[in-house]
Each structure stands twice: as structure tokens, then as C-alpha cells.
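The values are calculated or read from the model by the stated rules, or taken from the named source; none is laboratory data. Note that the coordinates shown come from a computational prediction; the quantities given were computed from them, not determined experimentally. Cβ sites come from the backbone with ideal geometry, for glycine too, and all protein chains shown count toward neighbours. Note: areas computed on protein heavy atoms with side chains; ligands, DNA, RNA excluded. Shrake-Rupley method; radii C 1.70, N 1.55, O 1.52, S 1.80 Å.
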Amino acid sequence: MLIACVTLILTLRPIISDLQNGQINSIVFLLVAWGLYLFLKKPDIAAGILVGFAAAIKLTALIFLPYFIFKGAKKTAVGMLLALVFALVILPFGTLGPSRASKLYSTFYSRIVGPFATLSENPQAFSGSGQSLRAAAERFLTDTNAA
């Protein structure tokens with residue numbers, strides 16, 4: 001425990017610097033690491049809640065949900081789902097109200113998810129930006145001059 005506290009104190013400055021730069025990856029990592037530590041000690045709902053809040057912040061952590069299900073840790077998977085429902089549904093709808101939260105979610109989807117997830121609307125507008133599935137496929141499947 002002492003080593004963990006000293007490590008956290010020594011890495012506090014880079015973590016604060018990341019937060020000042022608008023990066024949240026350190027917090028997501030800490031939540032996932034703490035959740036997995038609890039999962040190793042006893043796979044229960046608390047571990048799932050921590051990883052669920054990390055997944056609510058950044059969807060990359062959502063990959064642990066199928067892992068928990070595959071491992072048969074039902075309580076941990078339920079805790080993760082509860083945290084996701086709380087952070088993504090109950091909290092926004094409770095604080096902002098149903099109409100505003102629904103409007104913000106639909107705006108988010110139409111501006112961020114929709115254009116980059118489909119190629120049917122206007123693929124030429126996003127193909128060169130590097131932010132579409134088509135641009136990613138072009139980068140990975142074509143020969144590139146690294147020089």
C-alpha cells in the first residue's frame with residue numbers, strides 16, 4: 001500500500017498536467033486499474049462499478065464487459081452495466097431533464113457518430129480527414145511513403 005501511495009504521489013504532477021491539457025486518460029487508467037485490482041481480490045459489483053465509470057468516460061474500457069461475462073463474473077458485469085446506466089442515462093436525464101438530454105444525445109449522434117460511421121451520406125467530405133472508416137481503411141490497406 002505504501003508503494004502504491006508513493007507511486008501515486010510521484011506521478012501526480014503528470015496527471016494534473018494531463019487534466020490541465022484536457023486529457024482524461026490517466027483517470028480512466030486509474031479507474032480501470034483499481035477496478036481490475038478489486039476484481040483480482042474478489043470479483044464483485046464494486047470492481048464492475050469502477051470499470052463501468054471508466055467506460056462511461058471513454059468507451060475503450062467497454063471491452064472489459066465481454067471479458068467479465070466470459071470469465072463468469074456476473075456480479076462484476078452487472079456492476080459495470082449499473083455504472084454505465086447511471087452515468088449515461090440516469091445522471092444526464094436527471095440533471096438536464098429528459099428533453100434536453102435527448103436533444104443533446106441526438107445532436108451528438110448526428111454530428112459525431114453518424115457521419116463517420118456510415119459511408120452513405122457524404123463519404124468524400126470525410127475521406128481525406130483521417131476521421132472516417134474509409135480513411136482508416138485507406139491508410140491501413142495502401143502503400144504509404146513513410147519518408
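In terms of the Cα gyration tensor, with a ≥ b ≥ c the square roots of its eigenvalues, is segment 28-69 rounded because a/c is under 1.5, prolate because a/b exceeds b/c, or oblate? Note, shape of segment 28-69 comes out oblate.
Which listed residue (47, 28, 72) has the Cα farthest towards the positive end of the charge dipole for segment 5-77, taking +1 on Lys and Arg C-beta and -1 on Asp and Glu C-beta about the Cα centre? Selected residue: 72.
In the complete set of protein chains, residue-level accessible area for residue 37 is approximately 120 Å², probe 1.4 angstrom. Rounded to two decimals, the Cα radius of gyration of segment 12-122 over 2.2 N^0.38 Å is 1.23. Please give the FRET efficiency for residue 40 paired with residue 143, using the beta carbon to beta carbon distance and R0 = 41 Å, rounded to the nearest 0.05. FRET efficiency, residue 40 to residue 143: 0.40.
For segment 1-63, just say rounded, prolate or oblate: build the C-alpha gyration tensor, square-root its eigenvalues into a ≥ b ≥ c, call rounded for a/c under 1.5, and beyond that prolate if a/b exceeds b/c, oblate if not.
In terms of gyration-tensor shape, oblate.
Listed by chain and number, the lysines placed with their C-alpha closer than 24 angstrom to that of residue 41 are 71, 74, 75; residues fewer than eight positions away on the same chain are left out. Extending 7 Å from the Cα toward the beta-carbon at both residue 85 and residue 113 defines two label points whose distance is 1.8 nm.
For the pair residue 20 and residue 57, a Förster radius of 22 Å applied to the C-beta separation gives a FRET efficiency near 0.80, rounded to the nearest 0.05.
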